[in-house]
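Visitor: Structure below; questions to follow.
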Amino acid sequence: MPSPSEATISDQRPPSVNIGVNVESVLLPLRSVAIGCIGHLMFVEGGGEPEGVEQNYLFHQYATVSHIDDLSNALQRCLAKPAKADIKIAALARMLQLSEVEVIAIVLAMMAEEEPMMGRVFAHIQAPTGGSRPTLGLVEAILNPVLGNEDGQWLAGTVVSGTAVSSGVLQILNDQVPLPEQSFKVPTQLALALRGRPYVWQGAQMMDSTVRLPSSIHEQAVSHARAVAYTPNSVLVIRAASRQEARAVAQQVAIELNQEPLFIEPLVENLKGLGALCRISERLPVFEYGLSTGEQPLLPELTGYSGPRLVLIGPDGQVNTGRGSILQWNIAVPDRAERQQLWRDYLDDDELAHQLANDHIHSAGRINELAQLAEREAQLQQRQRPELVDVRRAAWEAEAGVLGSLAQPITAEIPDDALILSKLVRTELQQLLSRCHCREHLDKELGVTIKARYQQGVRCLMVGPSGTGKTLAASWLATHLGLPLYRVDLASVVSKYIGETEKNLAELLSRAEHSEIVLLFDEADSLFGKRTDIKDSSDRFANSQTNYLLQRIEFYRGIVLLTSNSRDRFDSAFTRRLDKIVEFSMPSPKERRALWQTHLGSKHQLTTKQINQLAVSSDLAGGHIRNAVLSAAVAAQEEKRMIAFRDLAQGLAGEYRKLGRQFPAELKRYEQLDHQSSK
């Protein structure tokens, strides 16, 4: 015979409910089990008639499941064969091995988020201490009679110490009060994911990269995906100078794993629940780091997640992990054929693609970047297709601000006739240019010893007195290579703080290597000078800094030009690492004559004899000749006339005073004669 409370419920049950239905054949939602537990507490254990809006709402909800005698068994059936709305919750319960108590707690928390009226029901039941979110005391009250807790198991303690809380699936909100009064919730993003809805996790984002990858990287992505798929808690570190290219590679690995990448910033503080979210959403966690030399951060653990993790970093630094193995993948620059195909895909121009692939060693990410900028440049110039000039202009534009304060651009284009040098130096520079052109495949036909240690980078030291054309030669080389030239700002690179110089140089070289630009170190002996005998900690620090710079510059993949007034200022270990040393000497009279002519142009009053006299008598370098011509041009323009000999003589006198030297008497006599003839 039914109890009075059961009779009351039976009398008021909606007539549409079929009591005789085979319960086991129905896919019962977890929400119904939770409602059954609450209703059993209120209307069976508590007895009485429903009062108020909240109780009446709950009563009508409970009426549809009041016929279920064994709610614990019903819960097990729901998890074994879940309804459509509960598929992800059931999957999460299996993945994390959640207890029945934890499952009901999750369902209660979800109900509070999804149904405003259930929030009112919770507040009504838990009054006066509880709010609209469920508390641990409520879990204890509704599950003790349902689960037949004869052993007196502490259910609230089971929740607090369980996997649901440790993994962040459940968050305890007010842990300063006694356990029964502590409320809990499911993080909003996780709640949305459990219902298959779009979500945004703060500090993590999903994105699609536009970078096209060559077939070689696709093949490697397949191999690496297989490797991490069969190794629990494995970490794949992907090294690439281009952030966009690294993301494209991570996306390809995720595709091979039948997942989607979730890119996570390194400084995200709250990662609790993210592991569970990745598992139920089939997301592949990808951590992005911008590391400097010596940095070795510990990779965050994602509680409840045991699948592969990806890490995107540049050439420097390393990551550590508390569990699992670490695999390394250095993304190589595509070969010439693959670069040509990428350029062709972007620009739809076979001839231009062939030229760019031959002349430049760009990564897939860099090609994508330049192609997009070149398209914009072509549109600005009202051209249907980009041309070579658009790509080169795009290369300069792409570097604007990339190197920050560490280097400044030198934009002058220097033709052959602007470079006045000796035949020997010209030959050396031409050889250097050829070396730069063939650096990609220089080892192809050589022996195994060279192939084992060959590096594509080119390092050249230009030494000679100030003003002899070293910087001009660097601009000439960059012009013929079609590459941007940047002068390194030593004041920004060198730091008094331990480790900062190495960090700045590593950042500079990493950016420059990706962008394929020519780096110019003026007065490079201040960075790469001789190591000293160790007398104190300062000497030890200076020597360790020099050691790092020597090693880093040796494995740099780009083109580095260094200038100095003397080769004797460099450590022998550094000169061994150089591919070429070009000696710039003071110009001969013949070379000085050519320098005067190229600097003066045609707008002057000088005779051939006067130019010859300047070349013979003024034993100065090209930099001083340049200054003298500029000074003479100022004087001539003020008087609105062409440059005269006396103007140049006055400019030269200023240059000699700078050097602390006596102005040549022969030139002084010529100046007086020119001055008298002009009156």
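Visitor: Within the stretch 629-647, count every residue that is in contact (Cβ under 8 Å) with a residue 12 or more places away in the chain, open to solvent by 30 Å² or more (accessible area, probe 1.4 Å) and part of a helix (DSSP H, G or I).
Guide: 3
Visitor: Then there's this: State all residues of the stretch 530-575 that are at pLDDT 60 or above, surrounded by fewer than 17 Cβ atoms within 10 Å (Cβ to Cβ) and outside any helix (DSSP H, G or I); if no residue qualifies, say none.
Guide: Selection gives Phe555, Asn565, Ser566.
Visitor: Can you confirm whether the stretch 583-599 contains a residue that is at negative phi and modelled with pLDDT under 85?
Guide: no
Visitor: Right, something else. If I go through the stretch 335-368 residue by residue, how many of them are of a type in the set (Lys, Arg) and open to solvent by less than 20 Å² (accessible area, probe 1.4 Å)?
Guide: 2
Visitor: Can you name the condition, by its number, that Ala452 falls short on among (1) open to solvent by less than 70 Å² (accessible area, probe 1.4 Å); (2) under 28 Å from Glu507 (Cα atoms); (3) among the aliphatic types (A, V, I, L, M); (4) not in a loop (DSSP other than H, G, I, E, B)?
Guide: Exception for Ala452: condition (1).
Visitor: Of the residues Ser434, Ser405, which single one is touching a residue at least 60 places away in the same chain (Cβ under 8 Å), closer than 24 Å to Leu485 by Cβ, surrounded by fewer than 17 Cβ atoms within 10 Å (Cβ to Cβ) and of a type in the set (S, T, N, Q)? Spell out the reasoning first.
Guide: Working: Ser434 fails: touching a residue at least 60 places away in the same chain (Cβ under 8 Å).
Result of the check over Ser434, Ser405: Ser405.
Visitor: OK, next. What are the pairs, 6+ residues apart or on separate chains, where a residue within the stretch 316-329 that is within 16 Å of Ala229 (Cβ to Cβ) and open to solvent by 20 Å² or more (accessible area, probe 1.4 Å) has its Cβ under 8 Å from a residue that is in a loop (DSSP other than H, G, I, E, B) and modelled with pLDDT of 90 or more?
Guide: What qualifies is Gly324/Ser234; Ser325/Ser234; Ile326/Ser234; Ile326/Val319; Leu327/Ser234.
Visitor: I'm told Ser405 meets every condition in (1) more than 25 Å from Ala241 (Cα to Cα); (2) hydroxyl-bearing (Ser, Thr, Tyr); (3) assigned to a loop (DSSP other than H, G, I, E, B) except one. Can you identify the failing condition by its number?
Guide: (1)
Visitor: Another question, if that's okay. Restricting to the stretch 422-442, count the residues that are touching a helix residue (DSSP H, G or I) at 6+ places or on another chain (Cβ under 7 Å) and farther than 22 Å from Ile517 by Cβ.
Guide: 1
Visitor: Let me ask something additional. Working only within the stretch 614-628, note down all residues that are open to solvent by 40 Å² or more (accessible area, probe 1.4 Å) and part of a helix (DSSP H, G or I). Don't jump to the end; show me each part of the working.
Guide: Within the stretch 614-628, the subset open to solvent by 40 Å² or more (accessible area, probe 1.4 Å) is 616, 619, 626-627.
The answer is Val616, Arg626, Asn627.
Visitor: Taking the stretch 657-673 on its own, how many of its residues are within 16 Å of Trp596 (Cβ to Cβ) and either open to solvent by 20 Å² or more (accessible area, probe 1.4 Å) or at pLDDT 85 or above (or both)?
Guide: Counting residues in the stretch 657-673 that are within 16 Å of Trp596 (Cβ to Cβ) and either open to solvent by 20 Å² or more (accessible area, probe 1.4 Å) or at pLDDT 85 or above (or both) gives 4.
Here's the yes/no breakdown for (1) open to solvent by less than 20 Å² (accessible area, probe 1.4 Å); (2) more than 30 Å from Trp343 (Cβ to Cβ):
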site: Leu155; (1), (2): yes, yes
site: Thr158; (1), (2): no, yes
site: Val165; (1), (2): no, yes
site: Gln171; (1), (2): no, yes
site: Leu179; (1), (2): no, yes
site: Leu190; (1), (2): yes, yes
site: Arg195; (1), (2): no, yes
site: Val200; (1), (2): no, yes
site: Leu213; (1), (2): no, no
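Visitor: Just one of Leu481, Leu442, Leu477 is at pLDDT below 90 and either open to solvent by 10 Å² or more (accessible area, probe 1.4 Å) or within 21 Å of Arg392 (Cβ to Cβ) (or both); which is it?
Guide: Only one candidate qualifies: Leu442.
Visitor: Next question. Those residues that are free of Cβ contacts under 8 Å to residues at least 40 places away in the same chain, within 32 Å of the chain's Cα centre (by Cα) and closer than 18 Å to Asp335 by Cβ, I need them from the stretch 445-473; list them, please.
Guide: Scanning the stretch 445-473 gives Lys451, Tyr454.
Visitor: Looking at Leu509, Leu472, which one is touching a Pro at 6+ places or on another chain (Cβ under 9 Å), in a helix (DSSP H, G or I) and surrounded by 17 or more Cβ atoms within 10 Å (Cβ to Cβ)?
Guide: Details: Leu472 fails: touching a Pro at 6+ places or on another chain (Cβ under 9 Å).
Going through Leu509, Leu472 in turn, just one is touching a Pro at 6+ places or on another chain (Cβ under 9 Å), in a helix (DSSP H, G or I) and surrounded by 17 or more Cβ atoms within 10 Å (Cβ to Cβ): Leu509.
Visitor: If we keep just the residues of the stretch 283-314 that are over 21 Å from Leu327 (Cβ atoms) and surrounded by fewer than 20 Cβ atoms within 10 Å (Cβ to Cβ), which is modelled with the lowest pLDDT?
Guide: My answer is Thr293.
Visitor: Right, another one. Just to verify a result, which residue in the stretch 597-611, among those that are surrounded by 16 or more Cβ atoms within 10 Å (Cβ to Cβ) and without any contact (Cβ under 8 Å) to a residue 40 or more places away in the chain, is farthest from Ile420 (Cα to Cα)?
Guide: So, considering only residues that are surrounded by 16 or more Cβ atoms within 10 Å (Cβ to Cβ) and without any contact (Cβ under 8 Å) to a residue 40 or more places away in the chain, the one farthest from Ile420 (Cα to Cα) is Ile611.
Visitor: For the stretch 130-153: of the residues being in contact with a strand residue (DSSP E or B) (Cβ under 8 Å, 6 or more places away or on another chain) and not in a helix (DSSP H, G or I), which is surrounded by the fewest Cβ atoms within 10 Å (Cβ to Cβ)?
Guide: Gly131
The values are calculated or read from the model by the stated rules, or taken from the named source; none is laboratory data. No experiment lies behind these values; they were computed from the predicted model shown. Glycine gets a Cβ as well: all are built from the backbone with ideal geometry, and neighbour counts include every protein chain shown. Protein only, heavy atoms only, side chains kept; ligands, DNA and RNA dropped before computing areas. Shrake-Rupley method; radii C 1.70, N 1.55, O 1.52, S 1.80 Å.
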